[in-house]
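> Okay, here's the structure, questions in a sec.
Read the figures in this text as sums done on the coordinates, not as results from a lab. Please read all numbers here as calculations on a predicted model, not as lab measurements. Cβ atoms come from the backbone with ideal geometry, glycine included; neighbour counts cover every protein chain shown.
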Amino acid sequence: MSNNNSLPSVKEVNQWSPDQVIAFLNSYNEEKKLFLRNEDIKKIKDNWIPGPTFLSLTLETLTQKDGFPDQLPRKSDLANFLKEKPPVKIPLAPIHFFQFNTSLGGITEEERNTYFILSTEADCTSLYSRLLGQLIYPPSYGNTEDSYHDLWDSIIKNTLELFGMHSASLPTLQFDRNTNKRTSTGRNRPDMVVLVKNVCPFRGEEKAREEGGDPSIELVDKIKDWTYGDAPYILAYYAIGVQITFVALYKPEKKRKLSICSERIAEFDLGRRILPIIVNLCPSRDSPEFQTIVRPNGTIIELGYAIKKKFTNEDRITHLKEIYGMLSLEHSSTHSVNLAPRGEQREPNDLRELLQALICTLTCLKGMHESKPKPIMHRDVRWPNIIRYHDEYQKFILIDFDYANYSPSDEPLEEFSETDHAPEMLTKKHDLKVDIWGVGNLINSCNVTGIPSELLNFSTNLCKGNPNKRPTASVALDQVEDMFRKWFPNDDWLERIGTA
């Protein structure tokens, strides 16, 4: 080694043994020149890295060796956790390093020296060209929100993409910006979403400086229910022109509104360290949290905080507005309806959840079948149209009333599947009892194993070929509630949901 006050040459390091690598790291860490943590040195020591291998370490491989936390920091520790000094500095050639002009107020010398190191031997060229150059020389912007998109992307989207693209824990990192925010859809989803395994652990609301409204309030107000399982918070940002604030959206306690905490995050590696853990704590999703679906008949379904359906037939909207009057109609226009709440599409996992789903579905059908002056039938009771709503009662909700109608109806629905619908509905006049058949078929088509014979016999009774021999929704509801009390005598869910 040359001397104790200068960095070794490449030729010297190439000849080092693993012991010499460790001695070098220990000495420079003690002098606080490399800002390496003890755990980082331990990883290199455990891997018995010689000089040539040590030289070949890049930002990418070092961050892959860096240990990620196995659990999320507490909310109170989150800001400090994200402000920790990085385990390795990013090497930049002089031409790039000194472009960070510390005299102009954009970055202090301490901030520059925390993240970067001047190097004539190595330079993260791809990092500079894809990310740092845009931060030093940001894109221009005007007075409209659209004019800020390139600027916001250079700070947020490009950073997450660059540090997440090589991460095995972020295999499906996807970005999507809301292009309909000036329409009613704008209230239905964030301006920017990041999807990982169909879950949205990071989102943003954006405004130009001249626009009205408070994006920090929109972040909270748009979320109607918590669908993120055991994750105690998700991450977000709100932007007003060039000012960007990163926040954590907290899991609500009981019925209290989501609280929001604004914390400035001064570090790049947000995505790799935190987002994978949040996603792993969330329930798995079969479809993206925010998505647009186009059906063969031309109907457009936008899945956001609520569900927006856009139809080509204006008469269909008129009919649905009347039927959906008993539900929560968030917004309607000539060709579309916005519906709430939106929960998680998931079938029951066990007998308890199956009984809960049956009770919730029959409770809804009882109200529909007893509605005045005309009873209403759903006509499409099956698992894809039942969602799990994550409130404190953990209810199941019957949705998708596109084919609902007043009972009785002379209109056969020949396009329906014979396996999922009452036989009389496909060929002739039918009434409320088609919904009872649908409830019985829920039991037959579920994935729950070990269903008691009493419940299987109940299903057979609901699916009898003669509609007149099927029970009413009220009678069937009483029977399922009796089974729930018998099999789960210490469970107070029925009493709690009865007060909902």
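> Compute the FRET efficiency between Trp226 and Phe488 as 1/(1 + (r/R0)^6), taking r as their Cβ-Cβ distance and R0 = 22 Å, and round to the nearest 0.05. Could the numbers behind the result be given before it?
Working: r = 25 Å, r/R0 = 1.12.
Result of the calculation: an efficiency of 0.35.
> Give me Trp437, Trp487, Trp383 sorted ascending by neighbouring Cβ count inside 10 Å, so fewest comes first.
Working: Trp437 22, Trp487 14, Trp383 17.
Ranked by crowding around the Cβ, least crowded first: Trp487, Trp383, Trp437.
> Ok, one more. Using amide H atoms built 1.01 Å from N in the peptide plane, name the residues 5+ places from Phe116, or on other chains, whose amide H lies under 5 Å from its own.
It is Ile90, by chain and number.
> I would also like to ask the following. Restricting things to Cα coordinates, could you compute the convex hull volume per residue of the range 430-492 in Å³? Write out the running numbers ahead of the final one.
Working: hull volume 5.8 nm³, N = 63.
Spread over its residues, the Cα hull of the range 430-492 gives 92 Å³ apiece.
> Starting from the 7 Å offset along Cα-to-Cβ, what nm value, one decimal, do you get for the label separation of Asn26 and Asp46?
1.8 nm
> Another one. Would any residue of the range 344-375 have its amide N under 14 Å from a label point 7 Å out along Cα→Cβ of Gln291? List them or say none.
Residues passing the 14 Å test: 344-347.
> How do Lys207, Lys433 line up, fewest other C-beta atoms within 10 Å first?
Details: Lys207 20, Lys433 25.
Ranking Lys207, Lys433 by Cβ neighbours within 10 Å, fewest first, gives Lys207, Lys433.
> Too long at a 31 Å Cα-Cα cut-off: which of Lys11/Lys85; Lys366/Lys428; Lys85/Lys197; Lys395/Lys428; Lys372/Lys486?
Lys395/Lys428; Lys372/Lys486
> Could you check the spin-label model distance between Tyr406 and Asn80? Points 7 Å from the Cα along Cα→Cβ, value in nm.
If labels sit at Tyr406 and Asn80, their model points lie 6.6 nm apart.
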